[in-house]
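First comes the structure, then the notes that go with it.
The values are calculated or read from the model by the stated rules, or taken from the named source; none is laboratory data. Given the structure is predicted, the values throughout are model-derived calculations rather than measurements. With ideal geometry, Cβ positions are generated from the backbone for all residues, glycine too; neighbour counts draw on all protein chains shown. These area figures cover heavy atoms from the full protein model, side chains too; ligands, DNA and RNA do not enter into them. Shrake-Rupley method; radii C 1.70, N 1.55, O 1.52, S 1.80 Å.
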Amino acid sequence: MNVDHKKLLYIFCVTLEEPSLQSHPGCDELFFLEIDGLYAAIKYVSEDDYSEVNIKKRLSDEPWLDENVREHLRVIGLIMQVNTVIPFNFGTIYKSKESLKKFVGAYANDFKKALLYLENKEEWSVKAFCNKQKIIENIVVLSQNVADIEAQIKASSPGKAYILKKKKSDILGKEINSIYNTISKHLFTCMNELPDEYRLNALSTEKLSEEDDDMIINAAFLLRKESVDTFITCTESLIIEHENIGLSLEVTGPWPPYSFINLLN
Amino acid sequence: MQENLYDVNKEITILDVLDRVLTKGVVITGDIVISVADIDLIYLGLRVLLSSVETMEKRRAVN
């Protein structure tokens, strides 16, 4: 693609200082535009990809989307290594430097306040899963209601035991949900001791793997950098502590602080 | 996989990335932005991609 055809401005993030990224490969096209004491990390992109009409087509091109979304995150990640950032959403385009300057300039004070607040902090994601099969295996220990029915079954005639088993089967789903609620509150309380802020995201109900797991927490935490190691150690302890429910945690980060940009909302 | 992204126990999937870079963050009025309707279409389209990723990589470490 001829560089001359790249007329649109793609913005990755803004920072308070101009990042020095010369040593990083793959950022040749990236440059920084100073706007009212802020630096916008931008590159020129082609209308073939990012015009209003063409981007709609590109979004259904999965390999293109995968490559460019990851590139968006990669570039912001590189800048995050040296500066606090306010990340922009994927595919935010300005038609000219003047247009970009107008927008960033209008909100410069809000951006600066947010950048100062986010300094020395990182966003971490935690998704917690329980293994339903494991919970059923240990249900007598985990649910007093089921334990009581089990005791009655053992002491009952075959006929009455049959009815009680059906009753047990009927309440099982409700009991598992109750266990999920109890465990998720406990996990969240433990994990939320260190972070400055948190955001709870919607739980995914889709089966993303063959394992019989249910998501019980989907959260983002804003942590001071010096607290990150302790936070991760805490999550590891929780996994060991909750072996009987097959707890697994997906802990990922540091993400650009997408969940904690509290401006312009 | 992001080299700079510390990953405790899993691969970063495209869905993980999209959940952040499309739906959160500053409410921006760029000259061109991806609309909410387009975002919905992306997620619908990704069902196929997600399935194929599932068969290639283990998404989560068993603890």
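Expressed in Å, the radius of gyration and Dmax of the Cα atoms of chain A are 25.1, 86.
What length, rounded to one decimal in nm, is gained on full extension from A:Val140 through to A:Glu236, with 0.36 nm per residue of separation minus their alpha-carbon distance? Walk me through the intermediate numbers first.
Details: separation 96, 0.36 × 96 = 34.56 nm, distance 2.55 nm.
Using 0.36 nm per residue and subtracting the Cα-Cα distance, I get 32.0 nm.
Per residue, chain A reaches -14000 deg cm²/dmol at 222 nm when only DSSP H runs of four or more residues are counted, each adding -39500 (n - 2.57). For the stretch A:146-256, the fraction of 1.4 Å probe accessible surface lying on carbon and sulfur atoms is 53 percent. Rolling a 1.4 Å probe over the heavy atoms of the protein chains gives the stretch A:3-119 an accessible area of 47 Å² per residue. Spin-label pair A:Arg224-A:Lys166: with each label point 7 Å from Cα along the Cα-Cβ axis, the two points sit 6.0 nm from one another.
P(r) for the stretch A:42-193, from all Cα pairs and a bin width of 10 Å, is 8, 21, 18, 15, 15, 12, 8, 3, 0 %, short bins first. Volume per residue for the stretch A:3-119 equals 105 cubic angstrom (convex hull of Cα atoms). For the stretch A:144-265, the spread of Cα coordinates along the three principal axes comes to 64, 29, 26 Å, biggest extent given first. Cβ-Cβ distance of A:Asp212 and A:Asp110, R₀ of 45 Å, FRET efficiency by 1/(1 + (r/R0)^6): the value works out to about 0.45. If R0 equals 22 Å, the separation of the Cβ atoms of B:Leu41 and A:Asp48 corresponds to a calculated FRET efficiency of about 0.65. Take the accessible area of A alone and of B alone, subtract that of the pair with a 1.4 Å probe, and the total buried over both chains is about 4600 Å².
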